[in-house]
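One structure below.
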Amino acid sequence: MEKGNYFSARRIAWFSILLALVIVLQIWGSAIPFAGTTLNLTLIPVVLAAIILGPIAGMILGITVGVIITINAFVGTDVFTLFLYQNSPIMTFLIIFVKGSLAGFVPGVIYKALRKKPLLATFIAAMSAPVVNTAVFIIGALIISGTIGGFMDFAGITGQSVIYFVIIGCAGINFLVEFAINTVLAPALHRVIKVIDKATDILPKEEVELQAETDTDKE
């Protein structure tokens, strides 16, 4: 990518739109109940940014998600995260921001690596976001298992081990829902990416050339 095009007006405009979408979805996502959890649609614009704007853009939007989660905790709308911050502040901070940044960065890297096959690249990039997001959370939560156990006592959760609570109670259904949403919407993401590029020529020149080569091969 040419450096001169990285901060073009079109890229900044699309970044701003996706950033606003991330903020809205993260703030209001908890208001959409589904199968005992809530629909987390935030990873969709994060992945879209990672694909069309690059890994760094995806990472920034992932970090934005972490900022909103932290704000929600300290204003009292997320009791679980607030408890973790109060008892393991450094690790909680790392868990939230590492999982958010990697959930945005990794899809961008994957898409670039597989960009000669755009549809496949979109599928794998989209599916990687919830996998990375959930894996980092589980690893981090198990590291502070004592704090998690303290929250279980605080919330009156009995009859479960910390491992079961973290993997099944916290991550299980959420992961399945996030993974399903991203997988189902991957073809739509691919179509959106093509439409955006056709309308704005936002993708780097090498991406356009690769897309043209792909279309030629199909013929």
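Worth pointing out:
- Residue within segment 206-215 that is surrounded by 19 or more Cβ atoms within 10 Å (Cβ to Cβ) and modelled with pLDDT under 85 present: yes
- All of (1) more than 17 Å from Ala49 (Cα to Cα); (2) out of contact with any Phe, Trp or Tyr (no Cβ under 7 Å at 6 or more places or on another chain); (3) among the aliphatic types (A, V, I, L, M) hold for Ala73 with one exception: (2).
- Residue pairs meeting the criteria (Cβ under 6 Å; at least 6 apart or on separate chains; first charged (D, E, K, R), in segment 8-21; second part of a helix (DSSP H, G or I)): Arg10/Thr200
- Among the residues here, Asn174 qualifies as closer than 27 Å to Trp28 by Cα and under 13 Å from the mean Cα position of the chain (by Cα).
- For segment 136-146, a residue qualifies if it is open to solvent by 40 Å² or more (accessible area, probe 1.4 Å) and either small (Gly, Ala, Ser) or within 30 Å of Arg191 (Cα to Cα) (or both), and the qualifying residues are Ser145, Gly146.
- Options Ala126, Ala73, Ala121: the member that is aliphatic (A, V, I, L, M), crowded, with 24+ Cβ neighbours inside 10 Å and either closer than 18 Å to Leu189 by Cβ or more than 11 Å from the chain's Cα centre (by Cα) (or both): Ala126
- Every condition in (1) surrounded by fewer than 18 Cβ atoms within 10 Å (Cβ to Cβ); (2) acidic (Asp, Glu); (3) modelled with pLDDT of 80 or more holds for Asp201 except the one numbered (3).
- In a residue-by-residue description of segment 180-188, the property of being more than 21 Å from Lys117 (Cα to Cα), modelled with pLDDT under 95 and loosely packed, with under 15 Cβ neighbours inside 10 Å applies to at least one position.
- Condition met for Phe93 (buried (at least 18 other Cβ atoms within 10 Å of the Cβ), in a helix (DSSP H, G or I) and without any contact (Cβ under 8 Å) to a residue 40 or more places away in the chain): no
- Pairs with Cβ under 6 Å, 6+ apart, first in segment 171-194 and free of Cβ contacts under 8 Å to residues at least 60 places away in the same chain, second of a type in the set (A, V, I, L, M): Ala171/Ile138
- Segment 106-118, residues that are open to solvent by less than 70 Å² (accessible area, probe 1.4 Å) and either of a type outside the set (Val, Ile, Thr) or in contact with a Pro (Cβ under 8 Å, 6 or more places away or on another chain) (or both): Val106, Pro107, Gly108, Val109, Tyr111, Leu114, Arg115, Pro118
- Flag if Phe175 is aromatic (Phe, Trp, Tyr) and either open to solvent by 60 Å² or more (accessible area, probe 1.4 Å) or touching a strand residue (DSSP E or B) at 6+ places or on another chain (Cβ under 6 Å) (or both): no
The values are calculated or read from the model by the stated rules, or taken from the named source; none is laboratory data. Predicted model only: the values in this text are computed from it and were never measured. A quick note on method: Cβ atoms are made from the backbone with ideal geometry, for glycine too, and the neighbour counts reach across all protein chains shown. To get the accessible areas, we keep the full protein, side chains included, count just its heavy atoms, and leave off ligands, DNA and RNA. Shrake-Rupley method; radii C 1.70, N 1.55, O 1.52, S 1.80 Å.
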